[in-house]
Amino acid sequence: MSSSADILRVAIIGGGPAGLGAAIALSALPNIKIDLYEKARELREVGAGINIGYNCWKVLELLGAAEEVRGHLQQNVIHRNGISSEIRRVRPAPSLPLKYRTIRARRTRLQSALISKVPQGIIQLNKKLVSIEDAAAQGVRLTFEDGTETVADLLIGGDGIRSVVRLSIFPDHVTSFTGTTIWRTLVPAKSLSDIPDLVPETSWWHGPAGHCYFSLVDDPSEFSDSSAPKSEQMLEVSCRYIIDPALDTERRFSWGIPATNERVTAHFTQYDPRPRNALSRVPEGNWKEFSAFSGPRLEKLTGLGKVVLLGDASHPLSGAFGSGAAFALEDGWILARAIEYTTTRPQPTIPGDAQITKMQNIADALEIFNEVRSPYYHRMHNHLDNEKAKVLQTQTKAKAQSSDPMYVFESALETRLGSFSIGDEMNWIYRNDIELVWQNYVQRVLERPAVSTL
Ligand SMILES: Cc1cc2nc3c(=O)[nH]c(=O)nc-3n(C[C@H](O)[C@H](O)[C@H](O)COP(=O)(O)OP(=O)(O)OC[C@H]3O[C@@H](n4cnc5c(N)ncnc54)[C@H](O)[C@@H]3O)c2cc1C
């Protein structure tokens, strides 16, 4: 019979992709008790659509959740100058087996596929973490807003961009508004189908300070059976507007507050009539506003030897790369592999103290997790810094050449479009296979023969 010291008590904070993915991956391990605490009263996703590409499919397969995620299969993705409407780039569908091709899906589809794979009884809603305390060899003490407390051996912070867990272990890490505001909504596709060039292909309309994006989000085959009518096929409309954050005077909320049509359309008056027409037809009350927050890169994704950050809590990238859900799911899967490795290796015999052995296994697993994931996130941050520098450099050069704002915009657009992956240069993100990453790490590091010092 297992004693309490043999059972690994895991507390996960957050019911987004990071928390749900970790709950699924960890619940497959033996001798583990998982509680997932989510502050919301119900698990409800507010963010319109999401891209699911090869890297995400790979990890969804490992989690057993790929089958239920359905959406619009992206063919060509068209990038236009949003003012003149000129087509500037066409990204063809990658040559991949159908099941690994990129789809745009309703975010709720991903969320419900993940929830369906989390074992019953793990998720506790209406539980907002407010603080944590190091309980030494006993683990970590968690206090919730409702006054209740619990102790866990391992605390997983999957609590998103404004993570309480991150702030607890890295109190100096501050996130701030990046200057980017995003407005998103889903509308019935047929309500905009008469506007030329928005659909069926995914289209980006780039402007001097942002863009408008249009993509279908549903798999049409799910709507063909008239005996089981579902809701209408939907189209995602997502618009970004970027300002210098130093000049921002508004109070910002990070995630999903309502915005009026007037507020949204006022930022896109220069655009071609097609996107403008589309924006004006969004029913009042539909828009949700997201202010992007980010913070400096973390040198480590773990703390106290028993706290780990996953997903947006660990890398506040504000949706850069359009792959944050995949990163979050990859994190949880790697964490499960690291714990599996340290708990199944030959255990050191520390007489009489199974709790110490358990805590050592956790600390070692977190080191492994950090070694696999930290360099990956550092590479992402470096890439974004380089891309930003390139756009700034182009803008500065163009401003020196001409005082025409359209010339400056055109020049910067060319550089910006270069950052959209067309060839293989971004395969380290979009073709990442997390299982291979783990296998390589095992061979390269964990199974490396010890070097003789003789
Ligand atoms: C505009 C935009 C577009 C994006 N597009 C894409 C895309 O196309 N593809 C893609 O893969 N990714 C995309 N992303 C990124 C993706 O949304 C995130 O990376 C992903 O949701 C991160 O998951 P997460 O679980 O780490 O955090 P979240 O999804 O933010 O989940 C965190 C959860 O923790 C809960 N929580 C927070 N604090 C507490 C607390 N104190 N106690 C208890 N619970 C708490 C929250 O309620 C929430 O449920 C986009 C992001 C943005 C902003």
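We did not get these values from a lab; they are worked out from the coordinates using the rules stated. Please read all numbers here as calculations on a predicted model, not as lab measurements. Here Cβ is always computed from backbone atoms with ideal geometry, including for glycine, and neighbour counts include all displayed protein chains.
A few remarks follow.
- With only Cα atoms counted, the range 55-127 has Rg and Dmax values of 17.1, 55 Å.
- Label-to-label distance, residue 96 versus residue 403, with points set 7 angstrom from Cα along the beta-carbon direction: 4.9 nm.
- Inter-label distance, nm, simple model (7 Å from Cα along the C-beta direction), residue 396/residue 371: 4.0
- Converting the Cα gyration tensor eigenvalues of the range 361-435 into ellipsoid dimensions via √(5λ) gives semi-axes, longest first, of 38, 14, 6 Å.
- Potential lengthening of the chain between residue 300 and residue 172 amounts to 44.7 nm, from the contour at 0.36 nm per residue minus the alpha-carbon distance.
- Restricted to Cα atoms, the range 1-98 shows a radius of gyration and a Dmax of 20.0, 72 angstrom.
- The value for the range 160-311 of Rg(Cα) / (2.2 N^0.38 Å) is 1.29.
- Cβ-based net charge around residue 375, under 14 Å, with every Lys or Arg adding one and every Asp or Glu removing one: 0
- Hz values of 3J(HN,Hα) by residue in the range 50-57 - Karplus curve (6.51, -1.76, 1.60), Gly and Pro given as x: 8, 7, 10, x, 3, 4, 6, 4
- Per residue, the convex hull spanned by the alpha carbons of the range 194-284 comes to 133 Å³.
- Mean projected area of the convex hull spanned by the Cα atoms of the range 131-180, taken over all viewing directions: 4.4 nm².
- For the range 253-331, the convex hull spanned by the alpha carbon atoms encloses 140 Å³ per residue.
- Kirkwood estimate for the range 319-454, i.e. one over the average of 1/r between Cα atoms, Å: 18.6
- More than 15 Å apart - percent of Cα-Cα pairs taken over the range 336-386: 55
- By the compact-protein rule of thumb, 2.2 N^0.38 Å, the alpha-carbon radius of gyration of the chain corresponds to a ratio of 1.04.
- Cα centroid separation, the range 1-41 to the range 427-445 (Å): 24
- Burial ranking of peptide ranges 93-102, 239-248 (average Cβ count within 10 Å, highest at the top): 239-248, 93-102
- Here the range 1-94 is assigned +1 on the Cβ of each Lys and Arg and -1 on the Cβ of each Asp and Glu. Its dipole about the Cα centre then comes out at about 420 debye.
- The charge dipole of the chain, taken about the Cα centre with unit charges on the Cβ atoms of Lys, Arg (+1) and Asp, Glu (-1), comes to about 440 debye, rounded to the nearest 20.
- Distance between the modelled labels on residue 381 and residue 255, one decimal in nanometres: 2.2 nm (7 Å Cα→Cβ projection).
- Net lengthening on full extension, residue 431/residue 149 (0.36 nm per residue, minus Cα-Cα): 97.4 nm
- Net charge, residue 191 excluded, C-beta distance under 10 Å - Lys, Arg +1, Asp, Glu -1: 0
- Dipole moment magnitude, nearest 20 debye, the range 74-195 about Cα centre, only Lys, Arg, Asp, Glu C-beta charged: 1140
- Rg ratio (alpha-carbon, reference 2.2 N^0.38 Å) - the range 254-394: 1.54
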